[in-house]
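The values are calculated or read from the model by the stated rules, or taken from the named source; none is laboratory data. As the structure is a prediction and not an experimental result, all values here were calculated from the model. When we count neighbours, we look across all protein chains shown, and the Cβ atoms used for this are built from the backbone with ideal geometry, even at glycine. Keep in mind that these areas ignore ligands, DNA and RNA; they rest on the heavy atoms of the full protein, side chains included. Shrake-Rupley method; radii C 1.70, N 1.55, O 1.52, S 1.80 Å.
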Amino acid sequence: MTSDATTLDGTNLDGAPTGRYAAFRRFLSRFDHHPGASRAADRTVGLPVRAMLLGLLSSRRQAHTRRLWARWLEPVMLRDPVLLSVAEPLPGCIRVLDTAGWWPALSRRMDDLPATVQNRLENRLVNGALDRVLASPEMVDWADVLRDRSLAVLDALRTDPTALALFLEEANTHRMRAASTLAIPGGVAMLRPLDGMDVDTLAAALRLSDGWRTLGGRAPDMEIDELLACVRGALASDSVPPEAMALFAVAGLYTRRDPLLGAALRALLPLPLVDAAAAWLTAHSEETDGGVSDLTALGGGPARGSDRGLRDLFEAARRSGQSPSPASAERLGLPMAGAVDAPGAPGVR
């Protein structure tokens, strides 16, 4: 499932154009890189064609300010439609569809800021493609302003129950409208409305999102080994706050839905959010004869051929009813042991 509000800027992580407009971007680049002064006349003749191509690139992507704002959440954004049918709040979970509700409700409470940013974007798009404009220093600065204003709005709402209720009603109305076009398992009737816990998750994600810039990817796109290596490396180098890594890791956990991964993350990140997400996953799993849990309710399951150390770590957690400590992981011979030794560290809801 994808959303125009949250799709990345039409490029891969290396900056190469991808998607339906890739050919147009490559063709457009020819107008920007004609060598030599002798090509000046050609560039003048080609200006109408260039303008037409720029209009085509932008015409079907009008929510540019929303896109700029949603990029803060992209590293942890979940696109699996099955997760939309979960009946209770998933700790630390942000789905693409959620932003279709959050942004309209937030933007109405930001005075004229969204309109200002949108006007600046449209002015810049006269001379540049959307992906280049969004990556420009000016738009990076505006993205910071949008994040700060969003946090100010959310902080104010959480102290005013009446205002919060109105905000949630508006967000859910927009979200349900967007959901009507999606193939949600069980239909839109299965869609749980956003609530106060989801507001807390959104605020935490926006507050911590600056820490994900150095990670170079999306947690839901990472394989298990890659995700664990990313978490270990960030914690060992102290480059990302543990609370930010917790949200990042939980996004990967919901994607893989592997209880063994959950046990490993609890050892790496003994924080309330990771513990709650892993506990939810274990509670909604059914044990099989082989001692591995299968998340039948969500249609997921553990990766086959899991590392024996991960299996032992999971079994230790299951028998004790709590996550093993880093010291326990070290006794099991896991290289992840000792990366975090802060069992009392604060987490995020």
- Task: Tell me, yes or no, whether the range 284-295 has at least one residue that is farther than 25 Å from Asp200 by Cβ, crowded, with 17+ Cβ neighbours inside 10 Å and either modelled with pLDDT of 95 or more or in contact with a helix residue (DSSP H, G or I) (Cβ under 6 Å, 6 or more places away or on another chain) (or both).
- Result: yes
- In the range 236-258, which residues are open to solvent by 20 Å² or more (accessible area, probe 1.4 Å) and over 22 Å from Trp280 (Cβ atoms)? Ala236, Ser237, Asp238, Ser239, Pro241
- Task: Would you mind stating whether Ala204 is modelled with pLDDT of 95 or more and under 23 Å from Leu157 (Cα atoms)?
- Result: yes
- Query: Of all helices (runs of 4 or more DSSP H) completely enclosed by the range 92-188, which ones contain at least 1 residues that are among the small types (Gly, Ala, Ser)?
  - Reply: 96-107, 113-125, 137-157, 161-179
- Residue satisfying all of: in the range 45-96; at pLDDT 85 or above and basic (Lys, Arg); surrounded by the fewest Cβ atoms within 10 Å (Cβ to Cβ) among these: Arg79
- Task: Starting from the range 233-247, keep only residues that are under 18 Å from Val76 (Cα atoms), then list their pairs with residues that are open to solvent by 20 Å² or more (accessible area, probe 1.4 Å) and of a type in the set (Val, Ile, Thr) whose Cβ atoms are within a distance under 7 Å, requiring at least 6 positions of separation or different chains.
- Result: Ser239/Thr214; Val240/Thr214; Glu243/Val348; Ala246/Val348; Leu247/Val348
- Query: Is it the case that some residue within the range 216-231 is among the β-branched types (Val, Ile, Thr) and either outside any helix (DSSP H, G or I) or out of contact with any helix residue (DSSP H, G or I) (no Cβ under 7 Å at 6 or more places or on another chain) (or both)?
  - Reply: no
